[in-house]
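Visitor: My questions will all concern the structure given below.
Please treat every number below as a calculation from the coordinates, not as lab data. Everything numeric in this text was worked out from a predicted model, so none of it was measured. Glycine gets a Cβ as well: all are built from the backbone with ideal geometry, and neighbour counts include every protein chain shown.
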Amino acid sequence: MAKHQAGSLVICILIFMVSLPVTRATSNDTLSNDGPSLEDTLAFIKDTWEACSTMHSGLQRMMAKDGSLWHMDRMAKVEVVILPPSALKVVTRLNELRKLSGIFALQSPTERIQEFDLNALSPNVNPEREGENIFGVRLRCARGACVTEWQASLAIPGTPMHELKTGKVAITSLEDLVYEDRTPKEKPGEKKGEVYIPVCDTASLESLSKAFHHAIVKAGGKKSLF
């Protein structure tokens, strides 16, 4: 009887020893799949845009919806502010110089402030490429309008707005621009259902898309029901 019990004990110990590494490996795999913390992911998102600095696409030949040919030269500078625990404020200075069919040009320099909480977004992040060197990431709300947006037009001091808007005066530095009449937050923000942010290149576009997806899931964001 005693020998039988001892044998059973040995068998139990052997089973435990064999299963222990498997259990430990499964636990480690779960931890590795969980990925970086929300705090680290938000820091990565902020650092990636800081590394982008001022983005300049150069003239891109594109086709308008009506079939006409036009060129666009986009300059953008993005600043990201982390609002713990899971919100972001994105400040984008943007100018798009559009030359339509080589006849006339238009440009509209603006500063846009967008604030949103990641837990209200859908993890379906859309990386977008409009031209050879024009990239952006688009995020959508999972539950209605969750992005508050303020916007203000920019100007060059002492330059007539007509000359600026028609592209007669080309903008070479976004830092030289000042608010035309008011700062963005001097008027109520508009609630919107998505946010679009320029990105500097394909590598940053890919990594930011993955980082946003991970951060939104970490923050509790959910896909839209319908």
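Visitor: When the chain is fully extended, how far beyond the present Cα-Cα distance does Ala51 get from Lys168, taking 0.36 nm per residue of separation? Before the final figure, lay out each step's value.
Guide: On the way: separation 117, 0.36 × 117 = 42.12 nm, distance 3.11 nm.
Here the segment from Ala51 to Lys168 would lengthen by 39.0 nm.
Visitor: Based only on Cα atoms, what Rg/Rh ratio does the stretch 182-226 have, Rh being taken as Kirkwood's radius?
Guide: Details: Rg = 14.7 Å, Rh = 13.5 Å.
Answer for the stretch 182-226: 1.09.
Visitor: Could you name the aspartates and glutamates in cross-link range of Lys99, using Cα to Cα under 13 Å and dropping any fewer than eight places away on the same chain?
Guide: Straight-distance partners of Lys99: Asp73.
Visitor: For the pairs Lys192/Lys222; Lys89/Lys168; Lys77/Lys192, flag any whose C-alpha to C-alpha distance is greater than 26 Å. Intermediate results must be reported in sequence, preceding the final value.
Guide: Numbers: Lys192/Lys222 17 Å; Lys89/Lys168 33 Å; Lys77/Lys192 21 Å.
Pairs exceeding 26 Å: Lys89/Lys168.
Visitor: Using a Förster distance of 41 angstrom, determine the FRET efficiency expected from the C-beta separation of Glu180 and Ser207, and round it to 0.05. List each step's numbers first, then the result.
Guide: Details: r = 35 Å, r/R0 = 0.85.
Step by step, r from the Cβ atoms, then E = 0.75.
Visitor: Also: Starting from 0 in steps of 10 Å, tell me what percent of the Cα-Cα pairs of the stretch 35-219 lands in each bin.
Guide: For the stretch 35-219, the binned pair fractions read 9, 34, 35, 18, 4, 0 percent.
Visitor: Which whole-Hz couplings ³J(HN,Hα) result when phi for each residue of the stretch 35-40 is put into the Karplus expression 6.51 cos²θ - 1.76 cosθ + 1.60, θ = phi - 60°, listed in order with x for Gly and Pro?
Guide: Working through the residues one at a time gives x, x, 5, 4, 4, 5 Hz.
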